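Here is the structure we will look at, set down as structure tokens.
The values are calculated or read from the model by the stated rules, or taken from the named source; none is laboratory data. Owing to the predicted nature of the structure, the values given are computational and were not obtained by experimental measurement. When we count neighbours, we look across all protein chains shown, and the Cβ atoms used for this are built from the backbone with ideal geometry, even at glycine. All accessible areas refer to the heavy atoms of the entire protein, side chains included, with ligands and DNA or RNA removed. Shrake-Rupley method; radii C 1.70, N 1.55, O 1.52, S 1.80 Å.
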Amino acid sequence: MSATMDTESTYSGYSHYSGHSKKAHRQGRDRHKSPRSKDGSRSEKSVTIQTPPAEPLLGNDASRTEEGQDDNWGETTTAITGTSEHSISQEDIARISKDLEDSVGLDCRRYLGLTVAAVLGLLVFLTPIAFILLPQILWRDDLEPCGTVCEGLFISVAFKLLILLIGTWALFFRQPKADIPRVFVFRALLLVLIFLFVFSYWLFYGVRILDSKDTNYQGIVQYAVSLVDALLFIHYLAIVLLELRQLQPMFTVKVVRSTDGESRYYSLGHLSIQRAALVVLENYYRDFPVYNPALLTASKSRAAKHMAGLKVYNVDGPGNNASGQSRAMIAAAARRRDSSHNELYYEEADHERRVKKRRARLVVAVEEAFTHIKRLQAEEQQKAPGEMMDPREAAQAIFPSMARALQKYLRTTRQQQYHSMESILQHLSFCITNNMTPKAFLERYLSPGPTLQYDRDRWFSKQWTLVSEEAVTSGLQDGIVFVLKCLDFSLVANVKKIPFIKLSEEFIDPKSHKFVLRLQSETSV
């Protein structure tokens, strides 16, 4: 298309400036109308229209042909002149540098927190062992014999430290799922509490035992046992604050996607705003259908088409009939608004008809392809084991029979940007390997699935920004609204508190259900 436009532009410029005949000039002017700038100047460089990158199998040409072109496509199309197709401004450079600085800051903060926690944990586990070993190293000859009691205490300390080590590994040493903007308050408080607790024990140990060189070794060992017991209680407190406190639902959060209005409801416990946002994002990738910006272009093209149909001509000259033009525009807009609902109705009905028709064709094509697979499998069983076809080869063999129907259906439903030929072949070979039915294969394509179903490069949402009027470390409250923004859309979360439910009981006496049936004896006359 670019080569055609270059040829037409060259021909038009030549006929305009070289004084050709009127016929040639009229033909050149009719064949090409180059867009002009406000000052009437004409660009002499070639015009290249930037298009989205095409997929290996599924492109956007058919969808654009079916939707039709806008009457003002030459005025609304973004064109880039010259040889370069990429541009960047000072604002973009500043934004990119700021993102790099933020990412570096987040990594440094995360590793700093892990380092502090690891050093503190190592200090906690080595402290009881140091309390027991230091007297044996410094004044071993002056210690009183302890005997069996100390040996039992040694075994108790060893097993308690092992339990504490396993519990700490299970609670704290987990791979982080996300980088939150602020510190986790309860975890920071627990770290401060543990540091103060261990520091107090070391201070008392240095003043009362190391300075005086206490000879009561049994008391020193019991002192170390009391430290381990206190650490186990702190670990129990950490389980309550970090895990159990948030389990009871206290709030209901309504999450709405700003572009298409897709919404979900979630029940949350006592969480901070940043942790609630993290829970919302985890559920978003699982529950929300994948964001498809192609579905939003239909309404925009319809509105642009309506505005393109309004044309006002001023026969009295410029600037003489402004009020008349405005009244004409309002009247035309009112008449078009009265008929716009009919256009929308017939447009949606026609789209549903096309979708059903192409869906039926796709179902039939896939069923025939899977029937062919079963026939091939029956033939392969009769061959030697070395000549059998693997699932990848079988998928490549039957894929051409269903490719056209699948391509048209995905273009009609505007899902072509989420499915490449390689991903379809992988899914088809997976279904063949696990002996799945045609319905199981079509489940991914007949309706849009959650975001986790697709590749990461097609998520349209990888980095999020939390926007909240309240501090993100504060807890959830009734009426709080926070927004999660990404590049293309945002998630608006509205928090409502679960109301207090008063449940009463009504007692029904079992005897109230009893009744007596009295029958009157009939006598013959």
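Details
- Note on the range 96-246: semi-axes of the ellipsoid equivalent to its C-alpha gyration tensor, largest first and rounded to whole Å, are 38, 17, 12.
- Residue-normalised accessible area of the range 96-246, expressed per residue, 1.4 Å probe, Å²: 64
- Spacing of the two label points (7 Å from each Cα toward its C-beta) at residue 420 and residue 352, in nm: 3.6
- Sites residue 265 and residue 361, calculated FRET efficiency, Cβ-Cβ separation with R0 51 Å, nearest 0.05: 0.85
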